[in-house]
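The structure appears right after this line, and notes come after that.
Here, each number is a calculation from the coordinates, and none is a lab measurement. The structure presented is a predicted model; accordingly, all values stated were derived computationally and were not measured. Every residue, glycine as well, gets a Cβ built from its backbone with ideal geometry; the counts of neighbours run over all protein chains shown.
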Amino acid sequence: MVRRLLVILIAAVLVIGALPVSAGSSGAAFALDCVGFSGTGGDIRLDRDNTGTGREAFIVSATDGAGNIIYEPKIDTFFVGGTVSFDSADVIPWTRTPQYNPLTLRVVSQEGNGFSEQLVALSTGACEGLSGLSALPEGIFIVDGDTLTLDTGVAVPLGTTSASLPLNTVPPRPENPEELTELLVGYLLVDIDNLTLRTGDGPEYTRVGIVDGGTVLIPLGRNLDFTWWYVQAGDVVGWAKAEFLIARGDLTDVAVVPSNGVVSPPTLFVYSDQFILASPSARALPLCKIAGNLEYLVVGRDRPIEWYEVQATCDNAVARGWIRADLGAIRNPAELFIPVTTD
């Protein structure tokens, strides 16, 4: 059933894409809302054998206005020369609840077999009731029911955090102005240097920032067992581990807040500059050289876990290639399953 819906989805998105994909395509309407995405009518003839097996491969994904993934990337393939169509009765649900507008859906025809990666569709929509913020504004948040509200009147769902940091970016080091924290009846003092703020109440969630020792954090909420606090530091909102915080003042009225974090995907920290290869073999064709001392998204592995397939940017294009496991360190705090992507 899932595969059938994905086939239907891809057909719909391809049809409405602004780029001319093939002479056999026809127009179709496409909508994104709070629940998921759907389309009406249309069909497309597939004409890019980017797999080398007579099939065309696509990746479908969606994000909200803060960059949070709301539809986990899905890959599917279809026979070249065939036609797929969309049934308007089907709605594909989001895999994660949107937090901000706008909602963006992307469909990419993968790179391979002499074809470069091609953006087939970039469609947007909105969820009624969500703000259009791409980042959280400055100022102290006020917990009001199931929302966080600023004195400006802007409100976001309770549990919302700042956007996840992209791989290999320098995290911000926010702090709260002293004149603001002096107004608090209770606060949290950071008792360790380089404390990570995350999108959820656990080490498996993505980072939103780092705070220095001695930083005063504004308590916006906590989890049920008091092991993590939902806090604000400057214009960054995230979760901090209670073990590394000292409570000061009166925190008895701090509410229990839902954790809606983004789970960190598996990555490989590569020790030094290396070539990624076309297959998991030392004799395979090199695709390009990637920089060392950086993390790369892991998309697959071989069965004995001697090689990892990673995603990297080569010559301004996204590419997938293989690298020996002993040339880097795997990071998978959420212990997510890494699929075997080779025979």
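Centroid-to-centroid, using Cα positions, segment 100-119 and segment 308-343 are 19 Å apart.
Would you kindly work out the equivalent ellipsoid of segment 159-249 from its C-alpha gyration tensor and give its semi-axes, the square roots of five times the eigenvalues, largest first in whole Å?
On the way: eigenvalues 73, 44, 27 Å².
Semi-axes, largest first: 19, 15, 12 Å.
Across segment 244-250, rounded Karplus estimates of 3J(HN,Hα) from the backbone phi angles (6.51 cos²θ - 1.76 cosθ + 1.60, θ = phi - 60°) give 10, 10, 10, 7, 10, x, 9 Hz, Gly and Pro being marked x. Evaluating 6.51 cos²θ - 1.76 cosθ + 1.60 at θ = phi - 60° for every residue in segment 280-295, the Karplus couplings come out as x, 8, 4, 8, 6, 5, x, 8, 5, 9, 10, 6, x, 6, 9, 9 Hz, glycine and proline recorded as x. Distant-in-sequence amide contacts of Thr147, defined by a placed amide H-H separation under 5 Å and a gap of 5 or more residues or a different chain, comprise Leu158. Here the Karplus curve 6.51 cos²θ - 1.76 cosθ + 1.60, taken at θ = phi - 60°, turns the phi angles of segment 208-213 into couplings of 10, x, 9, 10, 7, x Hz, with x standing for Gly and Pro. If you take all other residues with their beta carbon under 13 Å from the beta carbon of Ser259, and give Lys and Arg +1 and Asp and Glu -1, the sum is +1.
For a paramagnetic label modelled at 7 Å from the Cα of Asp191 toward its Cβ, which residues of segment 230-261 fall within the zone defined by backbone nitrogen distances under 20 Å? Answer for segment 230-261: 230-233, 239-254.
Spacing of the modelled spin labels on Ile246 and Arg283, each 7 Å from Cα toward Cβ, amounts to 6.3 nm.
What does the charge add up to near Leu245, with Lys and Arg as +1, Asp and Glu as -1, over the other residues with Cβ less than 12 Å from its Cβ? In short, +1. The fewest-to-most ranking of Glu243, Glu128, Glu56 by surrounding Cβ atoms within 10 Å reads Glu128, Glu243, Glu56. In this structure, Leu297 and Leu183 have a Cβ-Cβ separation that, at R0 = 41 Å, corresponds to a calculated FRET efficiency of about 0.45. Taking label points 7 Å from Cα along the Cα-to-Cβ direction, Phe115 and Arg324 give a separation of 3.4 nm.
Amide H contacts under 5 Å for Asn176: Val216, Gly234, restricted to partners 5 or more places along the chain or on a different chain, H placed in the peptide plane at 1.01 Å from N.
Work out how much length Ser272 to Glu128 would gain on full extension: take 0.36 nm times their residue separation and subtract the Cα-Cα distance, in nm to one decimal.
Values: separation 144, 0.36 × 144 = 51.84 nm, distance 4.71 nm.
Gain on extension, Ser272 to Glu128, equals 47.1 nm.
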